[in-house]
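K.L.:
Mind having a look at this structure? Questions to follow.
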Amino acid sequence: MAGSFVPQLLLALILACTSVFPSLSFAQSGFDFFYFVQQWPGSYCDLKQACCYPTTGKPASDFSIHGLWPNYNDGSYPSNCAGSSYESALISDLKEELQAYWDTLACPSGDGEKFWSHEWEKHGTCSGLDERSYFESTLALRKSIDLLAALQSAGIEPDDGSYEVEDVQEALKQAIGHRPGLECNTNISGKRQLYQVYVCVDTDASTLIDCPIFPSTSCPSSVTFPSF
Ligand SMILES: *[C@@H]1O[C@H](CO)[C@@H](O)[C@H](O)[C@H]1NC(C)=O
């Protein structure tokens, strides 16, 4: 009798645990999707806190990568997972591309290493990818998604003009195939402006999907698109 009771009890315990803590059953790649986040440099640089151009010079007037962030369907996210610490040498041949698409605007001016190291350690270590694949996948996403071209084809230009958020979203949806999440910030004069775009990506780090949940950031119905 005890021989059949104990395994059943164990099974019941395991089932109870995995239903209460579903993420525990998948080790560190147990997240639900990625946010691929791109930022508009003009909306980073006109805030109270200064921005500093990277040591390589003023970045292009284009969206740049903020990061590829593992996320859960409930809006929370894993961070700083156990994993290897950032090793510059593993991606040294990607540095030129990283500087073009994933440049840093933080002060003091840097060459990007500090930014990439932060993104890898906070988010990349939870991605289930090794460091090199993490940066390669993120660059590939950036190259396949041209947010600025999508906006410009709808007549939305970084000209300090005011645009309907609905039009911004529609233009991006046309290009991406899915509605993106938008984040706005506020410039010194109190104007709300387009700051970051969140595209949802499957756990394979390449397939674009409908967002299971949108970031809890908000934009008013009309926003400015600052020049840079
Ligand atoms: C804030 O945005 C508005 C609208 O684009 C612009 O006219 C104003 O100059 C901006 N203020 C600063 C300090 O950049």
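The values are calculated or read from the model by the stated rules, or taken from the named source; none is laboratory data. Just so it is clear, the model here is predicted, and its values are computed rather than measured. A quick note on method: Cβ atoms are made from the backbone with ideal geometry, for glycine too, and the neighbour counts reach across all protein chains shown.
K.L.:
Filtering segment 164-180 down to residues that are farther than 12 Å from LEU194 by Cβ and of a type in the set (Gly, Ala, Ser), which residue is farthest from the ligand (Cβ to nearest atom)?
P.N.:
Start the filter on segment 164-180 by keeping residues that are farther than 12 Å from LEU194 by Cβ, which leaves 166, 170, 173-179.
Now drop any that are not of a type in the set (Gly, Ala, Ser), which leaves 175, 177.
Details: ALA175: 24, GLY177: 30 Å.
Top of the filtered list is GLY177.
K.L.:
Looking at GLY155, GLY190, GLY161 in this structure, which one is within 16 Å of the ligand (Cβ to nearest atom) and without any contact (Cβ under 8 Å) to a residue 40 or more places away in the chain?
P.N.:
Step by step, each of GLY155, GLY190, GLY161 is checked, and only GLY190 is within 16 Å of the ligand (Cβ to nearest atom) and without any contact (Cβ under 8 Å) to a residue 40 or more places away in the chain.
K.L.:
Next question. For segment 193-228: of the residues being in a strand (DSSP E or B) and away from the ligand (no atom under 16 Å from the Cβ), which is farthest from ILE145 (Cα to Cα)?
P.N.:
The extreme case among them is GLN196.
K.L.:
Another question, then. Suppose we filter ALA100, ALA89 for residues that are exposed (fewer than 14 other Cβ atoms within 10 Å of the Cβ) and not in a loop (DSSP other than H, G, I, E, B); which single one remains? Talk me through it step by step, then tell me what you get.
P.N.:
Values: ALA100 fails: exposed (fewer than 14 other Cβ atoms within 10 Å of the Cβ).
Among ALA100, ALA89, only ALA89 is exposed (fewer than 14 other Cβ atoms within 10 Å of the Cβ) and not in a loop (DSSP other than H, G, I, E, B).
K.L.:
Within segment 28-73, work out how many residues are among the acidic types (Asp, Glu) and modelled with pLDDT of 95 or more. Write out each step before concluding.
P.N.:
Filtering segment 28-73 for residues among the acidic types (Asp, Glu) gives 32, 46, 62.
Applying the additional criterion that residues be modelled with pLDDT of 95 or more yields 32, 62.
Of the residues in that region, 2 qualify.
K.L.:
Being among the charged types (D, E, K, R) and either touching an Asp or Glu at 6+ places or on another chain (Cβ under 7 Å) or surrounded by fewer than 17 Cβ atoms within 10 Å (Cβ to Cβ) (or both) is the filter here; which residues of segment 103-121 pass it?
P.N.:
Taking segment 103-121 first, the residues among the charged types (D, E, K, R) are 103, 111, 113-114, 119, 121.
Matches in segment 103-121: ASP111, GLU113, LYS114.
K.L.:
ALA150 passes all but one of (1) among the hydrophobic types (A, V, I, L, M, F, W, C); (2) in a helix (DSSP H, G or I); (3) within 16 Å of the ligand (Cβ to nearest atom); which number fails?
P.N.:
Of (1) among the hydrophobic types (A, V, I, L, M, F, W, C); (2) in a helix (DSSP H, G or I); (3) within 16 Å of the ligand (Cβ to nearest atom), only one is false for ALA150: (3).
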